[in-house]
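See structure below.
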Amino acid sequence: VEVKIEVVIPEKERSKEEMSPNGKASPLIYKVNGTARHYHLEEHPIASNPYHNPKDVVEASVCHVKDLENGQMREVDLGCGKALLIKESGEFHAVGHKCPHYGAPLVKGVLSKGRVRCPWHGACFNIGTGDIEDFPGLDSLPRFQVKIEKEKVYIRASKQALQTQRRTKMMAKCISLSNYNLSSTNVLIIGAGAAGLVCAETLRQEGFSDRIVMCTMDRHLPYDRPKLSKSMDSHPEQIALRPKEFFRTYDIEVLTEMQVAAVDIKNKIAVFKDGFKMEYNKLLIATGNTPKALSCKGKEVENVFNIRTPEDANRVVKLATSKNVVIVGASFLGMEVAAYLAERAHSVSLVELEEVPFKKFFGERVGRAVMKMFESNRVKFYMQTEVSELREQEGKLKEVVLKSGKVLRADVCVVGVGAVPATGFLKQSGINIDSKGFIMVNKMMQTNIPGVFAAGDAVTFPLALRNNKKVNVPHWQMAHMHGRIAALNMLAHGMEISTVPYLWTAMFGKSIRYAGHGEGFDDVVIQGDLDELKFVAFYTK
């Protein structure tokens, strides 16, 4: 069968399409090992009917045209699955009704300016295309056909899309891996968290078909790191962001248990700890943070953990069940671990230098309200003190001694006293790093070195909503966006970051969601009931 495809581009778009970044009408070309390679999208046969199998299609009348006002959304049932019907500016749209991130009902979200925002974690989708435009999450929404006949609204949808409620954007593949020299790649990504993975996926979505290599010190393929403290008994395969097959299908190579020891920017070479060297054309550094360890006496005893891996989290749950747990640091990690273990452990004690948890972040009043909720769930706080010694019996932790003189029984200890950027290997590289070790990037996630980008928890970047103040925002959502912006600028799109920082935490069935960047606030305006934990707090300056 010969399939002839003609793509008609609207005039407005055509002029954009024909201009490459150097102003000449040509596809982008990248040099690998000195040879120029074009990149193009994987060629898919396209039929005029997007639903290839008629048996997979369902069409149903879902409402009368007057049932929905402009700016309204409604979840509608098509018999074998649901869709989200939206009316905006007199037009109807239909997309998947669940957020692909954690399955939140989007009908409870917010519709504004052609986008619907998830009510749980703030992911944002274009109602016309279903595309994800803000994070967290990797997949977009399926989009369904809407037609109006005799004042009735009909939706035509694929049964499979109704059931999966997610859509992975079309991606390119590598042209020919067999041509490559093993020690050379076009794009090297150091770190396999959200920033690294989104960067690799965005490159493929944009049609980049050259070699992409990600390397990570972890044993696992990229996984949902926030779950390590929120859902501690999750196994690696349960929290994997993408299955193994995904990386094979789209030719994204992942080198696990590989640590980069140095970067030679002059010769564009990454040197690994084991001596292996890899040349690159474009580099993304997304190494994240390294947790701080305790510096007290006895810090090397067994059963003291920084939670870095699924194995750490699983081990803590096992050791803590019906035993005594001490958590050092009322950080997000420390508090989430305390909440998770409160029902499972015999006792949970939390040691913190400040007088209330989250004081710097949420302010004293909100911090106190959260503390009260923990106390009513059997968590004991030891505030304004720190650990002076960890005592052992037969090599294993037995007691935690505080500077206040208090001695706490402890079978397991979790340390959450903050983290430092994992950038030590860049010290002699020539890449600009600030006094705290953060990599400094511009709004395009570029470092001071051409072709070298950085993203995620290890960077400071100019935040538009704070007059371009250089900030570090170690949020899961922000890492996704950094990865996307870095990828687009590797492809010379000239895209600047302008997203609003967003984070969430969940404890004892309560969810706290935080939008913006309130660092340096001097007043907190509270609406609602703090005691009931039904409130909104505004951080003002």
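The values are calculated or read from the model by the stated rules, or taken from the named source; none is laboratory data. All figures in this text were calculated on a predicted structure; none of them were measured in a lab. Every residue, glycine as well, gets a Cβ built from its backbone with ideal geometry; the counts of neighbours run over all protein chains shown. Note: areas computed on protein heavy atoms with side chains; ligands, DNA, RNA excluded. Shrake-Rupley method; radii C 1.70, N 1.55, O 1.52, S 1.80 Å.
Solvent exposure of the chain, expressed per residue, is 49 Å² of accessible area, with all protein chains present and a 1.4 angstrom probe. Listed as lacking a disulfide-compatible partner in the chain: Cys63, Cys80, Cys124, Cys174, Cys199, Cys215, Cys296, Cys413, by the criterion of no other cysteine Cβ under 4.7 Å. Solvent-free Debye calculation, one equal scatterer per alpha-carbon of the stretch 374-419: log10 I(q)/I(0) at 0.20, 0.26, 0.33 Å⁻¹ equals -0.77, -1.09, -1.21.
Ordering Gln428, Gln163, Phe521 by the projection of their Cα atoms onto the charge dipole of the chain, which places +1 on the Cβ of Lys and Arg and -1 on the Cβ of Asp and Glu, puts Phe521 at the extreme positive end. Computed extension gain for Lys169 through Leu465, at 0.36 nm per residue and net of the alpha carbon distance, reaches 103.6 nm.
Residue order by solvent-accessible surface for His121, His346 is His346, His121, largest first, with ligands and nucleic acids left out and a 1.4 Å probe. Measuring nothing but how far apart in sequence close Cα pairs (under 8 Å, 6+ apart) lie, relative to its length, the stretch 54-164 scores a relative contact order of 29 percent.
The aspartates and glutamates whose alpha-carbon is closer than 14 Å to the alpha-carbon of Lys436, local same-chain residues fewer than 8 away aside, are Asp457. Multiplying each eigenvalue of the alpha-carbon gyration tensor of the stretch 186-336 by 5 and taking the square root yields semi-axes of 33, 19, 12 Å, largest first, rounded to whole angstroms.
Extension gain, Asp522 to Ser322: 0.36 nm times the residue separation minus the Cα-Cα distance gives 67.8 nm. Ordered from longest to shortest, the equivalent ellipsoid semi-axes for the stretch 304-417 are 22, 16, 13 Å, each the square root of 5 times a Cα gyration tensor eigenvalue. Each 10 Å bin from zero holds the following percent of Cα-Cα pairs in the chain: 3, 16, 24, 26, 19, 9, 3, 0, 0.
Using R0 = 45 Å, the C-beta based FRET efficiency linking Phe538 and Glu394 works out to 0.30. Taking one quarter of the surface of the convex hull spanned by the alpha-carbon atoms of the stretch 54-164 gives a direction-averaged projected area of 6.4 nm².
To the nearest 10, the accessible area of Arg248 is 150 Å² with a 1.4 Å probe.
Full extension of the chain segment joining Leu353 with His235 gains 39.2 nm, where the gain is 0.36 nm per residue of separation less the Cα-Cα distance. For the stretch 92-229, the share of alpha carbon pairs falling in successive 5 Å distance bins from zero is 2, 9, 15, 17, 17, 14, 11, 8, 4, 2, 1, 0, 0 percent. The mean of 1/r over all pairs of different alpha-carbon atoms in the stretch 408-541, once inverted, gives a Kirkwood hydrodynamic radius of 17.2 Å. In percent, rounded to a whole number, the relative contact order of the chain is 11, using alpha-carbon pairs under 8 Å and six or more apart.
Per residue, the average separation of C-alpha pairs within less than 8 Å and at least 6 apart gives the stretch 304-417 a relative contact order of 34 percent.
With all protein chains in place and a 1.4 Å probe, the accessible surface of the stretch 390-526 carries 48 percent carbon and sulfur.
Helical content of the chain, expressed as a calculated mean residue ellipticity at 222 nm, amounts to -4500 deg cm²/dmol (DSSP H runs of 4 or more residues, -39,500 (n - 2.57) each, divided by residue number, nearest 500). Reported value for the stretch 262-336: 168 Å³ per residue, from the convex hull of its C-alpha atoms. Take 160-172, 133-145 and order them by the average number of nearby Cβ atoms within 10 Å per residue, most first; the result is 133-145, 160-172.
Here the calculated FRET efficiency for Cys63 and Ala492, from their Cβ-Cβ distance with R0 = 51 Å, stands at 0.65, rounded to the nearest 0.05.
With a threshold of 24 Å on the Cα-Cα distance, the over-threshold entries among Lys318/Lys406; Lys113/Lys282; Lys297/Lys398; Lys360/Lys396; Lys173/Lys282; Lys297/Lys396 are Lys318/Lys406; Lys113/Lys282; Lys360/Lys396.
Each 5 Å bin from 0 upward holds the following percent of the Cα-Cα pairs of the stretch 357-457: 2, 9, 13, 13, 11, 11, 11, 11, 10, 6, 1.
Taken along its principal axes, the alpha carbon cloud of the stretch 197-267 reaches lengths of 43, 30, 17 Å, longest axis first. Modelled spin labels at Lys297 and Thr385, positioned 7 Å past Cα toward Cβ, are 1.6 nm from each other.
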